[in-house]
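Novice: Take a look at the following structure, please.
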Amino acid sequence: MSDAVVIGSGPNGLVAANLLADRGWSVLVLEEQDEPGGAVKSGELTEPGFTHDLFSAFYPLAAASQVIGGLRLEEHGLRWRHAGAVVAHPREDGRCAILSRDLDRTAASLDAYASGDGDAWRRLYSIWEDAGDAMVEALHTPFPPLRAAARMARSLGAEGSVHFLRMTTLSPRRRFRGREGPT
């Protein structure tokens, strides 16, 4: 007899099962599919040895999660992988804006896409540098995230907080020159 039954072996089900098991519970995980993982799966699709994400592929908040971190998955073989180019937006006219984990590379790509957009990206990135930890904390806490919001306001100061609120309520298209929509 199990203390808990977890339906589904996707990321949330597996985390729940691990947390319960770490607390000494007997846990039964039921999964309809042949393999665990939910939408977090990879496999060889095009060529032998070339691994593709089969479903979803973007888990930035998982890597920042205190819950995921507490599971110490790296000790059991987890390796976080980061693409050189995180997001790309190719256009029919041949232009392509690329966002990467490297600030300078992203700014150069955006400037090549539309002059001045690299500086606009740097301004946005400076907000992340000042308040990114508090933003991630806010995303990982119950709503409303009052403590994280207060910490973010302290990090940004009065003027920065006003700028942040304005930024989050206005369309990003107002900030960039290469703002025309997809073709």
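Novice: Based solely on its DSSP helices, what 222 nm [θ] is calculated for the chain when runs of n ≥ 4 H residues each add -39,500 (n - 2.57) and the sum is averaged over all residues, nearest 500 deg cm²/dmol?
Specialist: Calculated mean residue ellipticity at 222 nm is -14000 deg cm²/dmol.
Novice: Just name one of 146, 30, 2: the one whose Cα is farthest towards the positive end of the charge dipole of the chain (beta-carbon charges, Lys/Arg +1, Asp/Glu -1).
Specialist: 146
Novice: Once phi is turned into ³J(HN,Hα) by the Karplus curve 6.51 cos²θ - 1.76 cosθ + 1.60 with θ = phi - 60°, what whole-Hz value does each residue of the stretch 151-159 show in order, with x for glycine and proline?
Specialist: After applying 6.51 cos²θ - 1.76 cosθ + 1.60, I find 5, 5, 4, 5, 5, 8, x, 4, 5 Hz.
Novice: If the only charges are +1 at each Lys and Arg Cβ and -1 at each Asp and Glu Cβ, what is the size of the charge dipole of the stretch 133-183 around the Cα centre, to the nearest 20 debye? Before the final figure, lay out each step's value.
Specialist: On the way: 9 positive and 4 negative charges, 47 e Å.
About 220 debye.
Novice: Using +1 at the C-beta of Lys and Arg and -1 at the C-beta of Asp and Glu, which of 67, 46, 56 has the Cα lying farthest in the positive direction of the dipole of the stretch 30-71?
Specialist: 67
Novice: While we're looking at this one, here's another question. Please compute the alpha carbon radius of gyration of the stretch 4-76, then divide it by the globular-protein estimate 2.2 N^0.38 Å. Two decimals is fine. Each step should come with its number before you reach the end.
Specialist: Numbers: Rg = 14.0 Å, N = 73, 2.2 N^0.38 = 11.2 Å.
Working it through for the stretch 4-76, the quotient is 1.25.
Novice: If you don't mind, there's one more thing I want to ask. Chymotrypsin sites (Phe, Trp or Tyr not before Pro) within the stretch 63-151: which are DSSP loop residues with at most 16 other Cβ atoms inside 10 Å?
Specialist: Listed in order of number, the matching sites are 80.
Novice: Restrict the search to the stretch 82-183; then list the trypsin sites (Lys or Arg not before Pro) that DSSP places in a loop and that have at most 11 other Cβ atoms within 10 Å of their Cβ.
Specialist: Answer in residue order: 101.
Novice: Further, regarding this structure: Give me, ordered by chain and number, the residues 5 or more places off residue 6 or on other chains with an amide H under 5 Å from its own placed amide H.
Specialist: 28, 29, 30
Novice: Roughly how many debye, to the nearest 20, is the charge dipole of the stretch 10-129 about its Cα centre, given +1 on each Lys and Arg Cβ, -1 on each Asp and Glu Cβ, and no other charges?
Specialist: Using Cβ point charges on Lys, Arg, Asp and Glu, the stretch 10-129 gives about 360 debye.
Novice: Just one of (1) 11.9; (2) 12.7; (3) 14.9 is mean projected area of the Cα convex hull in nm² as worked out from the coordinates here. Which one is it?
Specialist: (3)
Novice: I've got another one for you. Explain nothing, just the number: relative contact order of the stretch 55-175, from Cα pairs under 8 Å at least 6 residues apart, as a whole percent.
Specialist: It rounds to 13 percent for the stretch 55-175.
Novice: Across the stretch 20-33, in residue order, what do the Karplus-derived ³J(HN,Hα) couplings come to in whole Hz, using 6.51 cos²θ - 1.76 cosθ + 1.60 with θ = phi - 60° and x for Gly and Pro?
Specialist: Karplus-based 3J(HN,Hα) across the stretch 20-33 equals 5, 5, 5, 8, x, 6, 8, 10, 10, 9, 9, 9, 6, 7 Hz.
Novice: Right, here's the next one. Looking only at 19, 99, 170, which one moves most when the chain is put into a Gaussian network model with springs between Cα atoms under 10 Å?
Specialist: 170
Novice: Give, as a single signed number, the net charge of other residues whose beta carbon lies under 15 Å from the beta carbon of residue 138, with Lys and Arg counted +1 and Asp and Glu -1.
Specialist: Net local charge, residue 138 excluded: 0.
Values in this text are rule-based calculations from the coordinates and carry no lab data. Source: prediction; values computed, not measured. In this analysis, Cβ positions are derived from the backbone assuming ideal geometry, glycine residues included, and neighbour counts consider all displayed protein chains.
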